Each structure stands twice: as C-alpha cells, then as structure tokens.
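Structure record follows, encoded as structure tokens.
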Amino acid sequence: MKNLIQQLPKAELHLHIEGTLEPELMFALAQKNNISIPYKNVEEVKNAYNFTSLQSFLDIYYAGANVLITESDFFDLTWAYLLTCKAQNVVHVEIFFDPQTHTKRGITFETVLNGICKALERGETELGISSFLIMSFLRHLSEEEAFETLEQSLPFKEKIIGVGLDSSEVGHPPSKFERVFAASAKEGYKIVAHAGEEGDSSYIWEAINLLHVARIDHGIACEEDATLVQFLIEKQIPLTVCPLSNVKLKAVKCMQEHNIAKLLRQGVLVTVNSDDPAYFGGYVNENYEAIVDALSLSETELKELVKNSFKASFLSAEQKENYIASL
Ligand code: ADE
Ligand code: ZN
C-alpha cells in the first residue's frame, strides 16, 4: 500500500504554507534576518512540538512565522513545499496563507503574496504542479480586521481563488464573520472555512448556512449529528480532513479512533491532507499511510480518497476528469 500511496497522483486541499516551515529553514531565516527564536537547535525545536490542543500549537506556529520577512523568504518556503509535493507525487495543491500573521508584523500583503505566487508559478512550469491560493482570515482577530484584509487583497484578486477561516476555533464561530464572507463572495472569491476541528457540529452548520462554504476544513465533529452527516452526504459537501494533525492536537485520541474511514464508508466526500506538515510529523503521503495502517483501509478505499481529492478541488470539471482518468 505504501508504494501505491506514493505512486498515485494526488491533490492536497488543506495546507497552510506557514505550517510547512521546517526547523532547518526556520534557523536559516532567523540567522539571515537577525530574528531571535527560543530554540538552540533543531532537536530543541522538535521537542517543543508536543501539543496539547489547537491553541498550544498556534502559539508556536505564529512564533515560528516571525522569521519570514522578505519576498524571497516566502518564495523559499513555498518552493520547499512544492519540491516535497513533487517527491510525493502531489500534482495539484490548494494552499492557505494567513496574511494577517505577516501584515501585523509590518510585512506588506504584496511581499507575502509575490513570494508565494512566484514559487507557485515556477512549480507549474518546472514541476508540473497546478495550484490555487486561498487567503485565510484569522478568527481570533476582529471582523473589522478581516474586512481590512479583504480590502488589501483586492488588487491581487486574480491570484487568489478563495477565502478561508482559521486559527482558534472555540469562541470564534463562523457567525462572527458572516458579513465579511458575504462581501468576499461578492468579490468572486470561493468560500471555505475551518469548522468542527475542536468546535462542535454547530460550527459546521454555521459555516454551511451563514458562510455558504464550498467545503469544510476538518469537519470531523459532524459525526455527533446524524442529520448533519446525512446533509453532507446528500449535498456532497467535501471535508478536508487532516489525520496526523487531529491526533497531534488531541482532537482525536489516537489514529485508531479517527472517524475518516467511517465517514468515507457512509458516503461523505472526505479527503486526506497534511494541514501543517512541518509541525505534525508528515506530509500528505504520511497521512495516507497513517490511516491505511490504523483503519485497515482497502486499496479501493484508498483510491476513493485520492479520487475525492480531485473531486473536492476547485479545478474545472474537465481538469478533474483528466486527473481522475490518470489514476
Ligand atoms: N492554522 C494553521 N493550522 C490550523 C489548524 N489546524 N486549525 C486552525 N487554524 C490553523
Ligand atoms: Zn488547517
């Protein structure tokens, strides 16, 4: 199965580019930019990645992002991720970036966007990896700050396919951002949102009914509400599930208890993704390997998950068909 996972062309739909910052690059950029980080060496960094919750991760993740200053830093970060995609036979990616993590530190929206986009463009021409970029609003910040970010994005609208919602979930429900998502949709952005990662199923209902999402990021809390599961199946609203992330952040006790296989078998359009691979111990192939082992997935089920990764993407119907035909 490990060989098959490697061999199959895959799409990744839930990936925070800041979450691909490997300790080695973190150290190199900290030194280059003269930024102090609270670690002496790579080993110390890895020891710090012992999370007890989403918030315990986010604190470390935002601190890590402080080393990203120049356009070339964002290029290097994105290029390193794309090289890993090439190595893992990931052929299409839809990646998140968190502009507010950087604009709050005085880095311009343009610096961040240009660095990421230059790498994505090179990834398309040199590596043959197609890509879309999704801008995420940080939900622990205010609605007003999200509106400011939306405004800043407008000159670069052609380079951004959609908007998402991430960061600390509990206490910051989708309803807080209903108006800014309506304004984003009016600008032509596609809509996704993290919901039901640590939050309960009401966060998923709100993302569907108030934000009108095209897909849900995580969504594993749907299981507690049979009506919601039926709704997701009927409407084929995709869930971008991140198994290693869920176990690392203790949203799920262990991989054997992850509900992705159960949801797949019920007919939910679930996909496999890595979320923040530098922090959670694996890229997309390691996520597939972990669930195949722990949940005894069959070859047919594995192929179904891979097929879903294209089905749930923002590619055109024709592009989806081409990718799926190549499986
Ligand atoms: N930002 C980066 N990773 C995240 C996650 N798993 N949940 C919420 N916000 C995030
Ligand atoms: Zn995420």
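A few comments on the model shown:
- Being among the acidic types (Asp, Glu), under 16 Å from the mean Cα position of the chain (by Cα) and either within 16 Å of ligand 2 (Cβ to nearest atom) or crowded, with 17+ Cβ neighbours inside 10 Å (or both) is a description that does not apply to ASP225.
- Considering (1) closer than 23 Å to THR70 by Cβ; (2) assigned to a strand (DSSP E or B), the lone condition that PHE137 does not fulfil carries the number (1).
- For the stretch 193-222, the set of residues classified as surrounded by fewer than 17 Cβ atoms within 10 Å (Cβ to Cβ) and in contact with a strand residue (DSSP E or B) (Cβ under 8 Å, 6 or more places away or on another chain) consists of HIS212, ALA214, listed by residue number.
Conditions (1) more than 13 Å from ligand 1 (Cβ to nearest atom); (2) touching a Ser or Thr at 6+ places or on another chain (Cβ under 9 Å), marked per residue:
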| position | (1), (2) |
| --- | --- |
| LEU15 | no, yes |
| LEU21 | no, no |
| VAL45 | yes, no |
| SER53 | no, no |
| SER72 | yes, no |
| THR78 | yes, yes |
| ASP98 | no, yes |
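- Looking across the stretch 229-273 at every residue that is in contact with a Phe, Trp or Tyr (Cβ under 6 Å, 6 or more places away or on another chain) and part of a helix (DSSP H, G or I), the one that is nearest to LEU15 (Cα to Cα) is identified as SER245.
- The number of residues in the stretch 179-225 being over 15 Å from ILE161 (Cα atoms), in contact with a helix residue (DSSP H, G or I) (Cβ under 7 Å, 6 or more places away or on another chain) and part of a helix (DSSP H, G or I) comes to 13.
- Helices (runs of 4 or more DSSP H) contained entirely in the stretch 22-134, each with at least 3 residues that are within 21 Å of the chain's Cα centre (by Cα) and surrounded by 14 or more Cβ atoms within 10 Å (Cβ to Cβ): 23-33, 54-65, 71-87, 99-103, 109-122
- Residue pairs whose Cβ atoms lie under 7 Å apart, separated by 6 or more positions or on different chains, with the first residue in the stretch 26-47 and under 11 Å from ILE69 (Cα atoms) and the second part of a helix (DSSP H, G or I), are LEU29/ASP73.
- Residue check for ALA278: within 16 Å of ligand 1 (Cβ to nearest atom), part of a helix (DSSP H, G or I) and either over 15 Å from the mean Cα position of the chain (by Cα) or among the hydrophobic types (A, V, I, L, M, F, W, C) (or both): yes
Readers should treat all values here as calculations from the given coordinates under stated rules, not as data from a laboratory. The model shown is predicted, which means the values in this text are computed figures rather than measured ones. Ideal geometry is used to build each Cβ from the backbone, glycine not excepted, and the neighbour counts take in all protein chains shown.
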